Structure formats: C-alpha cells, structure tokens
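Below is one structure, written out as structure tokens; the observations come after it.
The values are calculated or read from the model by the stated rules, or taken from the named source; none is laboratory data. Just so it is clear, the structure is predicted and the values come from calculations on it, not from any experiment. Every residue, glycine as well, gets a Cβ built from its backbone with ideal geometry; the counts of neighbours run over all protein chains shown. Note: areas computed on protein heavy atoms with side chains; ligands, DNA, RNA excluded. Shrake-Rupley method; radii C 1.70, N 1.55, O 1.52, S 1.80 Å.
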Amino acid sequence: MKLRKEFLNGFIIAATTGAFFLLMDAMGYGDLFYLRLINVIFVLYGVNRSVQMNIVDGENNFVNNAVSAMITALIGVFLSIIGLIIYSYLQGGDAYVETLSKTFLFGGNPSIFTYSASLLFEGVAASVIVTMLLMLYWNNRLTSD
C-alpha cells in the first residue's frame, strides 16, 4: 500500500473543504453551523477516490482498502484543521474564532486550540463513519481474506 494516493486524496479533501468554507465566509454564511455538514460530500469524494484508485491498481483486499480509506480521511481532517488554525491566526486569532458558529461543542468563548480540538473530534468521528459507509458500499466488490 503506497501512501501517495492517500496523501493526494487527503489533500483534495482539505483543499475543497477549505475552498468551500472560504467561499461561505466571503458570502457571509460562515456562521451557519449546518453548512459544516456539506463537507461530508468532500470527504466521501476523497475517500471513495482512494478506494477506486486501489481497485484500479489491483488491490481488492477489504482490510487494505479500509485502512487506505481511513488514512485518507484522517489526512484530510488533519490538513483541514492545520489550515483552519493558520487561517484563524491570520484573521485575528481567538477574536476570529469567537465569530464562528455559535453551536460549539464546548460552549462559551472558545480559543483556537479548543475550537480546533473540537473539530478534530468531529472530523475523526466523521472519518470513521464515512469509511464504514464506503466500505459497506464496496463490500460486494472486495475480498475479505
């Protein structure tokens, strides 16, 4: 299993998610929490792309594809959070984070670290869910040995 495709697709996830949120922020919709649900589409696309690339390369083992899918999703999450941290500091630090969505996991006035940690938990959970869903979809096409 080469990690090159996982990094590429993880970067695609992070780049499309970042572009989407920059666009939403520019349009004035950056504070709407439910728009975060749309980034699941980008994660689904990137993870599915990794599995498809594995299949094209002849990798039909279910476990190897599940590991590849999970690595892809986690790379996308970590790169997205790094991008958010950098962007938040460029926009004013903790003062910027306070302007983000009001429905926040920890409540109150979060710091950049607290906000990023919350999104990390959310992103890891979404990664597991997306990986499981796609592996269920690809289940009849892959071998389990």
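Binning the C-alpha pair distances of the stretch 39-81 at 10 Å intervals from 0 yields a P(r) profile of 31, 52, 16, 1 %, listed from the shortest bin outward.
Along the axis of the charge dipole computed for the stretch 1-99 (Cβ charges of +1 for Lys and Arg, -1 for Asp and Glu, origin at the Cα centre), the listed residues GLN52, PHE21, THR72 are led at the positive end by GLN52.
Tell me, what % of the accessible area of the chain is carbon and sulfur with a 1.4 angstrom probe? Roughly 68 percent of what the probe reaches on the chain is carbon or sulfur. In this label model, TYR137 and PHE11 are separated by 2.4 nm, measuring between points 7 Å along each Cα→Cβ vector.
Using DSSP to define loop residues, name the trypsin sites (Lys or Arg not before Pro) in the stretch 1-69 whose beta-carbon has at most 12 other beta-carbon atoms within 10 Å.
Of the trypsin sites (Lys or Arg not before Pro), the ones in loops of the stretch 1-69 whose Cβ has at most 12 other Cβ atoms within 10 Å are LYS2.
With the convex hull of the Cα atoms taken as the outline of the chain, the averaged projected area works out to 8.6 nm².
Taking only protein heavy atoms into account and a 1.4 Å probe, give the accessible area per residue of the chain in Å².
Working: 8430 Å² over 145 residues.
The answer is 58 Å² per residue.
Counting only chymotrypsin sites (Phe, Trp or Tyr not before Pro) that sit in a DSSP loop (anything but H, G, I, E, B) with at most 12 other Cβ atoms within 10 Å, what is the longest stretch of the chain containing none of them? The segment 30-105 is the longest one with no such site.
Across all directions, the shadow cast by the convex hull of the stretch 1-58 built on its C-alpha atoms averages 4.0 square nanometres. Of the complete DSSP H runs in the chain, those spanning 27 angstrom or more by Cα along the long axis with a mean Kyte-Doolittle score not below -1.0 are 4-26, 62-90, 112-138.
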